[in-house]
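Rule-based calculations on the coordinates, nothing more; no lab input. Since the model is a prediction, treat every value here as computed from it, not as a measurement. Cβ placement follows ideal geometry from the backbone for every residue including glycine, while neighbour counts extend to all protein chains displayed.
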Amino acid sequence: MEREEAERLVAQYGSAVYRLAYARTGSREDAEDVMQEVFLRLLRRGPELNGEDHLRAWLLHAAANCANSLHRRPWRRELPLEEGAAQAAPPEHNEALEAVLALPEKYRVPVCLHYCEGYTTAEVAAILGKKEATVRTWLFRARGLLRDMLTEEGTYEL
């Protein structure tokens with residue numbers, strides 16, 4: 001892969017990979033590490049991909065896998081959510097993002113893929129290797145939790 005092509009791909013898909021990694025890890029530093037690893041894998045292996053949609057799905061699937069791998073490492077020190085969120089808040093931090101980061105881990109990535117990246121539940125299920133019904137259940141539960149969190153804080157009126 002040429003350097004120009006790699007730069008184009010990072011410019012085009014980097015923010016989506018970063019958002020997914022951030023939703024999974026809750027840390028800017030970890031999300032940046034995941035993003036770097038995903039694009040290095042793309043450069044090293046250069047899988048045969050059929051079109052931009054397949055490439056985007058591959059990148060997000062790789063990001064989910066890398067974030068999961070990072071999360072399972074034994075030397076990873078777990079911080080309480082409040083401490084970690086305060087430490088890792090990106091510049092565009094807001095109440096909705098804080099609420100998404102406060103969701104249980106299994107809900108964060110599907111919410112990010114579905115609502116931020118615009119994937120259907122079938123596509124999210126394929127990316128995560130889960131059943132479509134499971135993803136729909138996670139999204140339903142996440143919406144309920146988000147509604148409760150955001151209306152409790154008085155941030156949004158539903």
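What ranking, highest mean first, results for peptides 108-114, 138-144 when packing means the other Cβ atoms within 10 Å averaged over each residue?
With the highest mean Cβ count within 10 Å placed first, the list reads 108-114, 138-144.
Tell me, what ³J(HN,Hα) does each residue in the range 2-8 have, in order and in whole Hz, if you take phi through Karplus 6.51 cos²θ - 1.76 cosθ + 1.60 with θ = phi - 60° and put x for Gly and Pro?
The phi angles translate into 6, 4, 4, 5, 4, 5, 5 Hz.
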